[in-house]
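Beneath this line is the structure, given in structure tokens, with notes to follow.
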Amino acid sequence: MNSVYASLGTTIFETVSLAARRTGAVNLGQGFPDDPGPEDVRRAAADAVMDGWNQYPPMLGLPALREAIAAHYAYHQGLEIDPSSEVLVTSGATEAIAGTLLALIEPGDEVILFEPMYDAYLPLVQRAGGVARFVTLAPPDWTIARQALEAAVSPRTRLILFNNPLNPAARVYTREELAVLAAFCVDHDLIAICDEVWEHVVFDGRRHVPLIDLPGMRERTVKIGSAGKIFSLTGWKVGWSIAAPPLLAQLAKAHQFLTFTTPPNLQAAVAYGLGKDDGYFATMRDGFQRSRDRLADGLRALGFAVLPSEGSYFLNVDIAPLGETDDAAFALRLIDDPGVATIPVSAFMQGTRTGTTTLLRFCFAKRDETLDAALERLAHLATDEAFERR
Ligand SMILES: Cc1ncc(COP(=O)(O)O)c(C=O)c1O
């Protein structure tokens, strides 16, 4: 058996979900919205199933979708992308990340990962034969420091795998902050894989800055996106990679023997959806921002220390002021009493196990009733001893 997978235990995500189902806890752990997603986009998928093409689509993706992706980024992010040679449609961002790592890593190559990180990154790097080197980011600013980057790099380093907006930190990095990363990549001749699945879910008037747009990055960045997050349809698993032609040609070779393609009807619906007007994107962001504020205000009113959430479906609460030091143990206790499921942020620090251990991640992409039910339950905790000791 392969040792990378054999050594993986049960993840905290599974443990939390199982425990939440067993106890009937209000589940703010899982990162998917209650909302069913835009009706016209779902209708476009249904129409494409009934009236459209249901056989193998082209390996790179439907031409209409590749064109829609290029047009979408030209409009929303000012990027010039050639749909025929710089876009590859994948089965979710997860396949894009896996395929990119398989395509670019030679055994023994070092890859810089940033903690906290999406849980798939480390096993995928290792399975591709890479050696992970870590940069641990710290709350509340999760700042990328050049010194920390230099401490992680070696002559064997080939890649960095970065996520912006960053799940679970809920940070949206600015152009100035990204410039530190870009200069580092250029100076050490590294390729950047930038997971930007949360690019449209940003709040308070922020604008997402794609790393590929920074000086020196156009030829050395793989930009990864996901329709699942753009349209609140997380089960669709339609994603894509954008890269300069020589890089993209190599990614396509990995993709052709991984999944080869992605359901054509969903591709057709995403092609339609990416052309939706500004109103759709503004309304989507406003809705999540309202939910963020509802949960954050409620938690603050109960005395919790809530960290800023600039983007994604998540916000974090610091439990250190409660005298707690073990987020995983505290998260499991909360599921039993008062019955609210969250994810400990230490679960995203599996590389070094040296990062923060006092943050809980709450998903606010839920109906008002769900958020209010969680707050009501947490109000019981707020009257408990632990809170009074503060
Ligand atoms: C940072 C990050 N990358 C990738 C994914 C997975 O995207 P997809 O469902 O398109 O594979 C997620 C989903 O939560 C995510 O948060």
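The values are calculated or read from the model by the stated rules, or taken from the named source; none is laboratory data. Not measured: the values here are computed from a predicted model. Because the Cβ atoms are built from the backbone with ideal geometry, glycine has one as well, and the counts that use them run over all protein chains shown. When the accessible area is computed, the model is the full protein with side chains, heavy atoms only, and any ligands, DNA or RNA have been set aside. Shrake-Rupley method; radii C 1.70, N 1.55, O 1.52, S 1.80 Å.
Can you confirm whether region 134-141 contains a residue that is within 16 Å of the ligand (Cβ to nearest atom), assigned to a loop (DSSP other than H, G, I, E, B), open to solvent by less than 10 Å² (accessible area, probe 1.4 Å) and modelled with pLDDT of 95 or more? Yes, region 134-141 contains at least one residue that is within 16 Å of the ligand (Cβ to nearest atom), assigned to a loop (DSSP other than H, G, I, E, B), open to solvent by less than 10 Å² (accessible area, probe 1.4 Å) and modelled with pLDDT of 95 or more.
A quick yes/no check of all residues on (1) surrounded by 24 or more Cβ atoms within 10 Å (Cβ to Cβ); (2) under 26 Å from ILE112 (Cβ atoms); (3) modelled with pLDDT of 95 or more:
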{"residue": "ARG175", "(1), (2), (3)": "no, yes, yes"}
{"residue": "ALA183", "(1), (2), (3)": "no, yes, yes"}
{"residue": "PHE203", "(1), (2), (3)": "no, no, yes"}
{"residue": "VAL209", "(1), (2), (3)": "no, yes, yes"}
{"residue": "HIS255", "(1), (2), (3)": "yes, yes, yes"}
{"residue": "PRO264", "(1), (2), (3)": "no, no, yes"}
{"residue": "ALA268", "(1), (2), (3)": "no, no, yes"}
{"residue": "ASP278", "(1), (2), (3)": "no, no, yes"}
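Is one or more of the residues making up region 40-59 touching a residue at least 12 places away in the same chain (Cβ under 8 Å) and within 29 Å of VAL180 (Cβ to Cβ)? For region 40-59, residues touching a residue at least 12 places away in the same chain (Cβ under 8 Å) and within 29 Å of VAL180 (Cβ to Cβ): absent. Within region 236-263, residues that are closer than 14 Å to LEU102 by Cβ sit with their Cβ atoms under 6 Å from residues that are open to solvent by 10 Å² or more (accessible area, probe 1.4 Å) and part of a helix (DSSP H, G or I), at 6+ positions apart or across chains, in these pairs: GLN250/ALA103; LEU251/ALA103; ALA254/LEU102; ALA254/ALA103; THR259/GLU95. Taken together, HIS72, HIS76 contain a single residue that is surrounded by fewer than 20 Cβ atoms within 10 Å (Cβ to Cβ), at pLDDT 95 or above, in a helix (DSSP H, G or I) and within 25 Å of the chain's Cα centre (by Cα), which is HIS76.
Would you check if ASP213 is surrounded by 16 or more Cβ atoms within 10 Å (Cβ to Cβ) and either away from the ligand (no atom under 16 Å from the Cβ) or modelled with pLDDT under 95 (or both)?
Values: surrounded by 16 or more Cβ atoms within 10 Å (Cβ to Cβ): yes; either away from the ligand (no atom under 16 Å from the Cβ) or modelled with pLDDT under 95 (or both): yes.
Yes.
Evaluating PHE184 against the criteria (1) assigned to a helix (DSSP H, G or I); (2) out of contact with any Lys or Arg (no Cβ under 8 Å at 6 or more places or on another chain) leaves one unmet condition, (2).
Here the condition is being in contact with a Leu (Cβ under 7 Å, 6 or more places away or on another chain), of a type in the set (S, T, N, Q) and closer than 21 Å to SER241 by Cβ; of THR94, THR90, THR100, it holds for THR100 alone. When ASP119 is tested against (1) within 16 Å of the ligand (Cβ to nearest atom); (2) open to solvent by 20 Å² or more (accessible area, probe 1.4 Å); (3) within 25 Å of ALA252 (Cβ to Cβ), only condition (3) is not met.
Here LEU166 does not fit the description of being in contact with a strand residue (DSSP E or B) (Cβ under 7 Å, 6 or more places away or on another chain), more than 25 Å from PRO38 (Cβ to Cβ) and either open to solvent by less than 10 Å² (accessible area, probe 1.4 Å) or in contact (Cβ under 8 Å) with a residue 40 or more places away in the chain (or both).
Identify, please: which residue in region 331-356 is touching a Pro at 6+ places or on another chain (Cβ under 8 Å) and open to solvent by 10 Å² or more (accessible area, probe 1.4 Å) and is, among those, nearest to LEU8 (Cα to Cα)? The qualifying residue nearest to LEU8 (Cα to Cα) is GLY355.
Residues that are in contact with a helix residue (DSSP H, G or I) (Cβ under 6 Å, 6 or more places away or on another chain) and farther than 19 Å from GLY29 by Cβ within region 301-321 comprise GLY303, ALA305, listed in sequence order. Quick check: anything in region 216-225 out of contact with any Gly (no Cβ under 9 Å at 6 or more places or on another chain), among the small types (Gly, Ala, Ser), under 21 Å from ALA252 (Cα atoms) and part of a strand (DSSP E or B)? Checking region 216-225: not a single residue is out of contact with any Gly (no Cβ under 9 Å at 6 or more places or on another chain), among the small types (Gly, Ala, Ser), under 21 Å from ALA252 (Cα atoms) and part of a strand (DSSP E or B). Picking from residues in region 91-109 that are of a type in the set (D, E, K, R) and either within 16 Å of the ligand (Cβ to nearest atom) or open to solvent by less than 20 Å² (accessible area, probe 1.4 Å) (or both), the one that is farthest from ALA183 (Cα to Cα) is GLU95.
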